[in-house]
1. In region 172-181, is there at least one residue being more than 27 Å from V217 (Cα to Cα) and out of contact with any His (no Cβ under 9 Å at 6 or more places or on another chain)?
2. I'd like to check something: does region 116-128 contain any residue that is in a helix (DSSP H, G or I), at pLDDT 95 or above and more than 16 Å from R164 (Cα to Cα)?
3. List every residue pair whose Cβ atoms lie under 6 Å apart, where the two residues are 6 or more positions apart in sequence or sit on different chains, the first residue falls within region 163-178 and is within 19 Å of I145 (Cα to Cα), and the second residue, located anywhere, is of a type in the set (A, V, I, L, M) and surrounded by fewer than 18 Cβ atoms within 10 Å (Cβ to Cβ).
4. Of all residues in region 179-217, which are in a loop (DSSP other than H, G, I, E, B), more than 27 Å from T144 (Cβ to Cβ) and either touching a residue at least 12 places away in the same chain (Cβ under 8 Å) or under 17 Å from the mean Cα position of the chain (by Cα) (or both)?
5. Take region 118-140 and flag every residue that is open to solvent by 10 Å² or more (accessible area, probe 1.4 Å) and touching a Phe, Trp or Tyr at 6+ places or on another chain (Cβ under 9 Å).
6. Does A148 satisfy the criteria of being part of a loop (DSSP other than H, G, I, E, B), surrounded by fewer than 22 Cβ atoms within 10 Å (Cβ to Cβ) and without any contact (Cβ under 8 Å) to a residue 24 or more places away in the chain?
7. Of the residues in region 151-160, how many are open to solvent by less than 10 Å² (accessible area, probe 1.4 Å) and closer than 14 Å to T173 by Cα?
8. Looking at region 179-192, which of the residues that are out of contact with any strand residue (DSSP E or B) (no Cβ under 9 Å at 6 or more places or on another chain) and crowded, with 19+ Cβ neighbours inside 10 Å is farthest from G215 (Cα to Cα)?
Amino acid sequence: MRIRYCLAALALVGGAGLTTLSTPAATAAAPAAACSDIDVVAARGTFEPGSLGAIVGDPVFSALQRKLTGKSLSSYKVNYPADLSLTSAAQGNSDLVNHVRSQANSCPNQRFVLVGYSQGANVVDNSIGISSAGAVVGSPIVATIPAALAPKVAAVLLFGNPIRAIGKSVTGTYQSRTIDFCAKGDPICENGGGDVLAHLGYTANAGAAADFAAGKV
């Protein structure tokens, strides 16, 4: 419960300081293209504002635009509550998988970069078959990206991933395509971490995440 209250506090702190943390939405997230080369699918953190997520999604999308100049990019904001309800992450899990299925059917040459921050990392974890049940704002898996579509996922970019605090990580099919940032002291992803503000600092990792994704595309 202490960490759930921490997440609510982070929403207030983030709301007060997002003008210095975020990239303006108009430049961060492009309207979804029918069949871009790369579709960036972003699951925001709990209560996180922004087009794709002001702390992570928007800065990462902007960094990818700068890095992948030879590719066309589209973006998709996972449609889910991103609140403290027990079914929030499960709703995001279902929506993300449905989106990937639909896009893969409509755009067979399109590839995906999955981005998840905080609760959004739980959403991505579940969608690639790593259960977030037992983690803060986690849930059991309700859907997974079909194995036949796994090669279309170029990279998985995770930030403040709650499953790390319970000793789990991404293994198996997606392990080599995943980078998972956990700031020192972040209580959401580090067991025993006590630096609440560390959970708000992942904008600084946007460039490194884009570099990693570029190496996988």
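The values are calculated or read from the model by the stated rules, or taken from the named source; none is laboratory data. This is a predicted model, so every value here is computed, not measured. For neighbour counting, all protein chains shown are included, and Cβ atoms are generated from backbone atoms with ideal geometry for every residue, glycine included. The accessibility values were calculated without ligands, DNA or RNA, using every heavy atom of the protein model including side chains. Shrake-Rupley method; radii C 1.70, N 1.55, O 1.52, S 1.80 Å.
1. Looking through region 172-181, none of the residues is more than 27 Å from V217 (Cα to Cα) and out of contact with any His (no Cβ under 9 Å at 6 or more places or on another chain).
2. Checking region 116-128: at least one residue is in a helix (DSSP H, G or I), at pLDDT 95 or above and more than 16 Å from R164 (Cα to Cα).
3. T173/A150
4. Of everything in region 179-217, those that are in a loop (DSSP other than H, G, I, E, B), more than 27 Å from T144 (Cβ to Cβ) and either touching a residue at least 12 places away in the same chain (Cβ under 8 Å) or under 17 Å from the mean Cα position of the chain (by Cα) (or both) turn out to be A183, K184, G185, P187, G193, D195, G201.
5. I128, G129, I130
6. Criteria not met by A148.
7. 4
8. Applying the filter and picking the extreme gives P187.
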